[in-house]
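Below you'll find the structure, written out as structure tokens, and then a few comments.
Laboratory data are not the source of any read-out in this text; all were calculated from the coordinates shown. Remember, predicted model here, so these are calculated numbers, not experimental data. FYI the Cβ positions are ideal-geometry reconstructions off the backbone, even for glycines, and counts take in every protein chain you see.
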Amino acid sequence: MKIIQLNDDGNVKLFCPFCGKKVIDPEQEFDECEHTLFVATNEGGFEFISPKIEINEEFDQPKDLSEDLSDEADEESEDLAESEEELTLNEYIETLEYPEAICFEIAQFSGFSAFVGFGRE
Ligand SMILES: [Zn+2]
């Protein structure tokens, strides 16, 4: 899933690219639409997950990630675990696959980021 980064000047509003509904508004509560797949922050992890998409909330634990994989893939993931550090949230989101999906990252100056994923289906 591709991530598009938006710089948050404190007044970022985010509209669903598929139906146009406003889901993020600094003056209102988060309001998901039928295309919203997830909402996550780099501090709190996933805060909203649509039943349409499977997300491993413990993505940063390689042990959980390898559970469903075949033996062959297990070897691969062991190699990965040795050479790679834990996935960051945006790296994990990039590995998610969903038809015609797009993720917006709303990045604040402080380093805090919110991620909102949308999918057409
Ligand atoms: Zn929508």
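Put a dot 7 Å past each Cα toward the Cβ at residue 49 and residue 95; how far apart are the dots in nm?
So the label points at residue 95 and residue 49 sit 1.4 nm apart.
Residue 15 to residue 86: FRET efficiency via 1/(1 + (r/R0)^6), r the Cβ-Cβ distance, R0 30 Å, to the nearest 0.05?
0.40
Residue 41 versus residue 27, label points 7 Å from Cα toward the beta carbon: distance in nm?
Simple spin-label model gives 2.1 nm for this pair.
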